[in-house]
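Structure first, then comments.
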Amino acid sequence: FAHRIENKRRDELGDLANNVNTLGATLEQNRSARQRWIAEISHELRTPLAVLRGEIEAVQDGVRKLDQSGLDSLHGEVLHLGRLVDDLHTLSMSDVGALDYQMDTINAETLLSKFFDANQSKLDEHDIKLQLSTGNFTATEATLIQGDAQRLEQLLSNLLQNTCRYTDRGGKLIVECKPVENNADGHITHGVLIDWLDSSPGIDAESIPKLFEPFYRGEQSRNRATGGSGLGLAIARRIVEAHRGSISASESALGGLHIQIRLPFLVNNA
């Protein structure tokens, strides 16, 4: 794959040589990506397995008693390993286009309100104050989108987990849902804009473009000690793209992370 054809021709054979070089470069990149993916998966699985092995061997050697505390610790590592495997499966299925989506008409405002009503306890547990704004639509503006409610809830759940893991206690989360109209390449597009802003700690500007890459963690707060696998935002991006939307990250005015999601309205929505 590393071989390249030296080409100085400008005819059909020259075009063929350029195409062969492009093919070689693409295959080389894919092979490198696959090798890196396997190495990262092995690295991620090795950590919880090593902890499990160490704790079990400590019990076998009599160094540690198999009491309720020890069982809780082992159970926690098994749960962590299970979540990691589930996330890997979701991400891999999404990459090959095999993740199942059951599209239906969904009200974005209602989806957000119900989600946070059901997950308020998680915010309370981490002492994070929520400010939810979903009243920015006029009576003539619908908030209907075409989407899979279960997958969109998974998207919101991943964002919430990210906020709870990396936001200091006593922090704040602002979520705003509003209509947006873009004029891109001469085409008017209508949709829903969801702004998700949490408070400090933040992440350096150089790391922000890499946040949606699988297994990526910034050096400051995104680490294994907080329990994150580095897959949540990667899965979130796959879900948004499957809904013909876009997702981006930037520094939050609150000192943390600002996630912005754009989802298109239904075709017949004006």
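The values are calculated or read from the model by the stated rules, or taken from the named source; none is laboratory data. These figures come from a predicted structure and were not determined experimentally. Reconstructed Cβ throughout: ideal geometry from the backbone, glycine too, with neighbour counts over all protein chains shown. Ligands, DNA and RNA are excluded from the accessible area calculation, which covers all protein heavy atoms including side chains. Shrake-Rupley method; radii C 1.70, N 1.55, O 1.52, S 1.80 Å.
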Output row, site Val59, 7 Å Cα→C-beta label point, backbone N cut-off 12 Å, window segment 68-88, residues 68-78
With a 1.4 Å probe and every protein chain left in place, tell me how much accessible area Ser113 has, in Å² to the nearest 10. 40
What net charge is computed for the residues neighbouring Ala149, neighbours being all others with C-beta under 15 Å from the C-beta of Ala149, Lys and Arg scored +1, Asp and Glu -1? -4
Accessible area of Asp148, 1.4 Å probe, to the nearest 10 Å²? 10
Given a 1.4 Å probe and the protein chains all in place, what does the accessible area of Thr105 round to, in Å² to the nearest 10? 70
